[in-house]
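J.: Just passing along the structure, written as structure tokens.
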Amino acid sequence: NGVMIEKYFFGKIVVNGVTYTNDIKIVQGRVVSDWWRKKGHSVGIEDIQDILESKPSVLVIGKGQPGMMRSSRSLRIFLKKNEIELIEEKTSQAITIYNSLLQQEKEVPAGFHVSC
């Protein structure tokens, strides 16, 4: 049920049996591969417009292995104003949280940075 993440290694993420070697987003139960952000290591509102349109209650962000990628200040303010809970952790930790949330809720949108 849903988009389960099976494995993650530096530079590689396996979702429902498919291996991706680029950053991915999970939007309304589907994987959007080759997720690029305008400002590389910063996640802005425009980078997850599709996720925000689905009006989620929670958003999971995987910041990469050492955790270099972060949500922008404007995104954090937007999420707070719209009562969307932000869970932002290093990718391996974020995946664990994502998978356990997925078992409780039907849909959990997410963005995962698979490298640095």
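J.: May I ask you to give the solvent-accessible area per residue for the chain, in square angstrom, as obtained with a 1.4 angstrom probe?
T.: In whole numbers, the chain has 55 Å² accessible per residue.
J.: For the range 24-99, what D do you get in µm² per second when you plug the Kirkwood radius from alpha-carbon pairs into Stokes-Einstein at 4 °C and 1.567 mPa s?
T.: 103
J.: Give me the number: length gained by fully extending K12 to S92, i.e. 0.36 nm times residue separation minus the C-alpha to C-alpha distance, one decimal in nm.
T.: Length gained, K12 through S92: 27.7 nm.
J.: Calculate for the chain the 222 nm mean residue ellipticity that helices alone would give, adding -39,500 (n - 2.57) per DSSP H run of length 4 or more and normalising by residue count, nearest 500 deg cm²/dmol.
T.: It lands at -7000 deg cm²/dmol.
J.: Using a Förster radius of 22 Å, what is the FRET efficiency between S100 and E53 based on their Cβ-Cβ separation? Nearest 0.05, please.
T.: The formula returns an efficiency of 0.30 here.
J.: Okay, next question. Restricting to lysines 8 or more places apart or on different chains, can you count the pairs in the range 1-75 with Cα atoms under 21 Å from each other?
T.: Pairs that pass both the separation and distance tests number 10.
J.: Sticking with this one: Do you know the relative contact order of the chain, to the nearest whole percent, from alpha carbon pairs under 8 angstrom that are 6+ apart?
T.: Relative contact order comes out at 34 percent.
J.: Continuing with the same structure: If you put +1 on each Lys and Arg Cβ and -1 on each Asp and Glu Cβ, how big is the dipole of the chain around its Cα centre, in Debye rounded to 20?
T.: 340
J.: Ignoring ligands, DNA and RNA, what percent of the accessible area of the chain is carbon or sulfur (1.4 Å)? If you can, show how the numbers build up before the last one.
T.: Values: 3060 of 6430 Å².
That fraction is 48 percent.
J.: Right, another one. Taking the highest mean first, how do the peptides 27-35, 40-48, 56-64, 90-98 order by number of other beta carbon atoms within 10 angstrom per residue?
T.: Descending packing order for the listed peptides: 56-64, 90-98, 40-48, 27-35.
The values are calculated or read from the model by the stated rules, or taken from the named source; none is laboratory data. Small disclaimer: the values here were computed from a predicted structure and weren't measured. Note: ideal-geometry Cβ built from the backbone for every residue, glycine included; neighbour counts use all protein chains shown. The protein model used for the area step is the full one, side chains on, heavy atoms only, and it has no ligands, DNA or RNA in it. Shrake-Rupley method; radii C 1.70, N 1.55, O 1.52, S 1.80 Å.
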